[in-house]
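The values are calculated or read from the model by the stated rules, or taken from the named source; none is laboratory data. These figures come from a predicted structure and were not determined experimentally. Because the Cβ atoms are built from the backbone with ideal geometry, glycine has one as well, and the counts that use them run over all protein chains shown.
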Amino acid sequence: MNGTRILGMLLALAVPIPIAMPAQDEKPRSIDMLERTGSRLAQLDVSVTGPKGFVDDLTAADFELRVGGKFIDSFIVDRVCGDSPVATPTLDSTETGDTPPIPISRRSMATYIFFFDQPHLTQAGRQESIDLAHELIPDLMDGNAQAMIVSGARKLEVIQEMTSDPVELAAGLDRLQRNRNQWSTWAVEEDKRIQELLYALWEEKNTDHAISIARLHQRAEIWEAEKSLHRVNMVMGRLAEMDPPKAFLYFADTMRKNPGEHYLTYFGNRMLRDQNFAGSSLSTSAMMAGNAMDRIINSASALGIRFYTVQGEGLVSESMVTAWSGSQADAGRPNLVRVRDAQDTLVGLARETGGAWFLNGVRAEKIVSRIHDDLSCLYLVSFPPGDFPEDTPLPVRLTTSRKKVRIQTRGRLVIQSESARRTARLLSTFATAPAGAADLRISGVVVPTGYENGLFSALVQVTVPGSRVRGATWDLGASLVTEEKVRDDASGRLLAATPGIRVVFEEEMKFPPGPFELVAVGHEITTDQVVSRKLEGNWPNPNKLPVTLSPIVVLQPEIAAFLRNGILREDGPLGYREQEPVDTTRPTAMVGLVCRSKNNRNDLTVLRTLSGDTEAEFPPLQFDAGGDRCVQYRDMVPPDLMTDGEFRFLVTVLEKGEIIATTERTFAAVGNGTEVSERRSDEP
């Protein structure tokens, strides 16, 4: 089942709607992120060191480049130093893939993001990181740089917006130090979590209980890591349209690419070699969690961002390592593993993105010197992407034949699609936008369409009301988070040539059973307005009860700019939120899912009724035991059947004539279509 059948049924019953259609030459249309006259080139930023006179005049002839194992025989090399002119990598549509672009001058302003990962900073690390940033800012802000400060604890917060003023940045750090909402005890409580595990393992001598504790704490550590990395990924999009060099200063103490795997070290090698040892699944879970770190590295490679990672707490003293008075003599060794895992993560993140890492209390002077050496003079290597796959990490090998010259670049390249680039920028706009930035509203609706292989499918609609601005250009998107993991995200761009035209972005997404969060984001580019909303829901688990029912969604046809899969439509079915009134003059669809458990082998009957001032019954739906796990009902209410007032749509499931499950939705109906549209636009 999918939303296409719903669309067809609604349009078949559609009647004239008293909303003016846009003129033929003013129809909303989709807009690419780039102008039609050009397309973006793949690009590598390269740090070069060597004696004076050896690094100032490098050309393409001095380099050999391989990407994805393929030799690149045609590329351009541009020097980005101070105010020197460089090439902006665009490729005219009339050129072939091997023709280099024409250089365009621009200044090379360094852009920095200071990111404090509070859940992964110890108390000492938090203070040391803020103090260190205070020392870094005066030297990094050298008159040709800009920076912003972002911190994530219970929520993500922009402490200081992008600025070139070191005084404003220092004031932002002072605000961060006093901000009690930007504290986290997660890293500090790690010793307590380990002590709980050791007590079960060594004092109680209960291996099964210890494994259960290890799994619980590992799962929590994975959630914290993926949540923080998702925040980092969103903030990185802020640099999508910035010129290089771009640097991300990441402060953390306990972030690990293999979160929770250190708990395995307490069980001993002999136990780990046992194939029946249930704790071996911990290693697999930690390995799978590393995908979140790969996503960060891929995004940094696509956006040309270098990570400079800083261990905030400095040298780890003996007092910070769990001491255990039990019988195990090597209790400290596993603790060194968790410290090493955290440091290896900082090293790997920096190395893979072409940056540098600073561990064990490196002084500010050394950090500034290294960053300046890396970023003060870069070479940009650009080439047409050709038939390389988009959004896929490609190994990079760059060498130079120039003697006495050393080069440093990232280990992989990602040629980002325009859709991925737009999504990154849109989510960054949401993550870093100040509260109350717009007077417009955004809404989201999830329309259930089916169930297969343990996942629900649904059509996600993100809607913004018509803007008063002629030619308003909207970037709309949605990001789906389940179990603290980003499961899906998508975005699209639409231009509403006529003021007042509603804009709708649609995307099919997959949902596992259980709670979910859906972040809907809109960015109107002309006025730079940002609107966002977080939707929360809970999909039933078909295996928990004999029968489960999804929420009921109400849809009506609308004149609007709909975008799905890159295809624009002038009308379509639009979902209504529960507090929104429906228009009695339009056809109405009631949509939902009925699911059975694997063990329920009985035939079911699904009844649906509409009651209010007027009533309606729909043909019973027979849910045979040999069919699908879930069945979708789609009940159509003709126009003018409902009158003004309150209505109740009731779904009842019968098994052998007995009621075993019910759900309902109540809503208001209004006969004035214009009033409905106005109320929909004004609803918060």
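Within the range 492-549, restricting attention to residues that are of a type in the set (S, T, N, Q) and not in a strand (DSSP E or B), which residue is nearest to ALA560 (Cα to Cα)?
So in the range 492-549, the residues of a type in the set (S, T, N, Q) come out as 498, 526-527, 529, 532, 538, 541, 543, 548.
With the extra rule that they be not in a strand (DSSP E or B), the set shrinks to 498, 526-527, 541, 543.
On the way: THR498: 11, THR526: 19, THR527: 20, ASN541: 35, ASN543: 39 Å.
Here the residue is THR498.
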Among the residues of the range 572-586 satisfying the criterion of being charged (D, E, K, R) and at pLDDT below 90, which is nearest to ALA669 (Cα to Cα)?
GLU580
Breaking point among (1) in contact with a Leu (Cβ under 9 Å, 6 or more places away or on another chain); (2) modelled with pLDDT of 90 or more; (3) of a type in the set (A, V, I, L, M, F, W, C), for TRP183:
(1)
Given the structure, is GLU558 without any contact (Cβ under 8 Å) to a residue 60 or more places away in the chain and part of a strand (DSSP E or B)?
no
Filter the range 107-118 down to the residues that are surrounded by fewer than 24 Cβ atoms within 10 Å (Cβ to Cβ) and not in a strand (DSSP E or B) and list them by number.
ARG107, SER108, MET109
Taking interchain pairs and intrachain pairs at least six residues apart, which have beta carbon atoms under 7 angstrom, with the first residue in the range 382-406 and acidic (Asp, Glu) and the second assigned to a loop (DSSP other than H, G, I, E, B)?
GLU390/ILE415; GLU390/GLN416; GLU390/SER417; ASP391/GLN416; ASP391/SER417
Give the number of residues within the range 360-380 that are among the small types (Gly, Ala, Ser), in a helix (DSSP H, G or I) and closer than 21 Å to GLY125 by Cα.
1
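With respect to SER164, determine if the residue is of a type in the set (Gly, Ala, Ser) and within 21 Å of SER228 (Cβ to Cβ). Working first, answer last.
Values: of a type in the set (Gly, Ala, Ser): yes; within 21 Å of SER228 (Cβ to Cβ): no.
No; evaluated as a whole, the condition is false for this residue.
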Selection within the range 140-168 - at pLDDT below 95 and among the charged types (D, E, K, R):
ASP142, ARG154, LYS155, GLU157, GLU161
Hey, does the range 299-312 have a residue that's surrounded by fewer than 20 Cβ atoms within 10 Å (Cβ to Cβ) and either of a type in the set (Asp, Glu) or modelled with pLDDT of 65 or more (or both)?
no
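Checking the structure you have, find out if any residue of the range 220-235 is in the same structural domain as ALA300 (by TED's automatic domain parsing), among the hydrophobic types (A, V, I, L, M, F, W, C) and in contact with a strand residue (DSSP E or B) (Cβ under 6 Å, 6 or more places away or on another chain). Spell out the reasoning first.
Filtering the range 220-235 down to residues in the same structural domain as ALA300 (by TED's automatic domain parsing) leaves 220-235.
Next cut, among the hydrophobic types (A, V, I, L, M, F, W, C) only: 220, 222-223, 225, 229, 232, 234-235.
Going one step further and asking which of them are in contact with a strand residue (DSSP E or B) (Cβ under 6 Å, 6 or more places away or on another chain), we end up with 235.
Yes.
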Residue check, LEU349 against (1) at pLDDT 90 or above; (2) more than 23 Å from VAL158 (Cα to Cα), all met but one. Which one?
(2)
Filter the range 205-237 for residues that are within 20 Å of MET255 (Cβ to Cβ) and charged (D, E, K, R); the one that is surrounded by the most Cβ atoms within 10 Å (Cβ to Cβ) is GLU221
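Tell me which residues, restricted to the range 561-583, are in a strand (DSSP E or B) and surrounded by fewer than 17 Cβ atoms within 10 Å (Cβ to Cβ). Spell out the reasoning first.
Here is the first cut: in the range 561-583, the ones in a strand (DSSP E or B) are 561-564, 567-576, 582-583.
Of everything in the range 561-583, those that are in a strand (DSSP E or B) and surrounded by fewer than 17 Cβ atoms within 10 Å (Cβ to Cβ) turn out to be ILE567, LEU568, ARG569, GLU570.
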Scan the range 444-465 for residues that are of a type outside the set (Gly, Ala, Ser), in contact with a Pro (Cβ under 8 Å, 6 or more places away or on another chain) and without any contact (Cβ under 8 Å) to a residue 60 or more places away in the chain and report the count.
1
For the range 472-520, enumerate the residues that are surrounded by fewer than 21 Cβ atoms within 10 Å (Cβ to Cβ) and of a type in the set (D, E, K, R).
GLU483, GLU484, LYS485, ARG487, ASP488, GLU508, LYS510, GLU517
Given the criteria within 12 Å of LEU41 (Cβ to Cβ) and either modelled with pLDDT under 95 or not β-branched (Val, Ile, Thr) (or both), does PHE75 qualify?
yes
Which pairs turn up if I take residues in the range 357-379 that are within 21 Å of VAL46 (Cβ to Cβ) and look for partners that are small (Gly, Ala, Ser) and assigned to a helix (DSSP H, G or I) with beta carbon separation below 6 Å, at least 6 apart in sequence or on another chain?
TRP357/ALA350
Residues within the range 358-377 that are closer than 18 Å to GLY348 by Cβ, surrounded by fewer than 16 Cβ atoms within 10 Å (Cβ to Cβ) and acidic (Asp, Glu), tallied:
0
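Filter the range 530-558 down to the residues that are among the β-branched types (Val, Ile, Thr) and modelled with pLDDT under 90, then identify the one that is nearest to VAL594 (Cα to Cα).
The extreme case among them is VAL531.
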For MET148, all conditions in the list (1) in a strand (DSSP E or B); (2) more than 15 Å from PHE251 (Cα to Cα) hold save one; what is the number of the exception?
(2)
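Would it be correct to say that THR284 is hydroxyl-bearing (Ser, Thr, Tyr), within 24 Å of the chain's Cα centre (by Cα) and modelled with pLDDT of 90 or more?
Details: hydroxyl-bearing (Ser, Thr, Tyr): yes; within 24 Å of the chain's Cα centre (by Cα): yes; modelled with pLDDT of 90 or more: no.
So THR284 fails the test.
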Do you know which of the residues in the range 129-159 that are among the polar types (S, T, N, Q) and touching a strand residue (DSSP E or B) at 6+ places or on another chain (Cβ under 6 Å) is farthest from ASP243 (Cα to Cα)?
SER129
How many residues of the range 402-427 are farther than 27 Å from GLY477 by Cα and either out of contact with any strand residue (DSSP E or B) (no Cβ under 7 Å at 6 or more places or on another chain) or not assigned by TED's automatic domain parsing to the domain that holds ASP73 (or both)? The answer is 3
Condition met for THR449 (touching a strand residue (DSSP E or B) at 6+ places or on another chain (Cβ under 7 Å), outside the structural domain of HIS523 (by TED's automatic domain parsing), at pLDDT 75 or above and outside any helix (DSSP H, G or I)):
no
Say whether the condition of being outside any helix (DSSP H, G or I), assigned by TED's automatic domain parsing to the domain that holds LEU239 and within 28 Å of the chain's Cα centre (by Cα) is met by at least one residue in the range 119-126.
yes
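Quick one: which of ARG586, ARG569, ARG564 is without any contact (Cβ under 8 Å) to a residue 24 or more places away in the chain and under 38 Å from the mean Cα position of the chain (by Cα)? Before the answer, list the steps.
On the way: ARG586 fails: without any contact (Cβ under 8 Å) to a residue 24 or more places away in the chain; ARG564 fails: without any contact (Cβ under 8 Å) to a residue 24 or more places away in the chain.
Being without any contact (Cβ under 8 Å) to a residue 24 or more places away in the chain and under 38 Å from the mean Cα position of the chain (by Cα) holds for just one of ARG586, ARG569, ARG564, which is ARG569.
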Go through the residues of the range 408-418 one by one and say whether even a single one is in a helix (DSSP H, G or I) and either modelled with pLDDT of 90 or more or at negative phi (or both).
yes
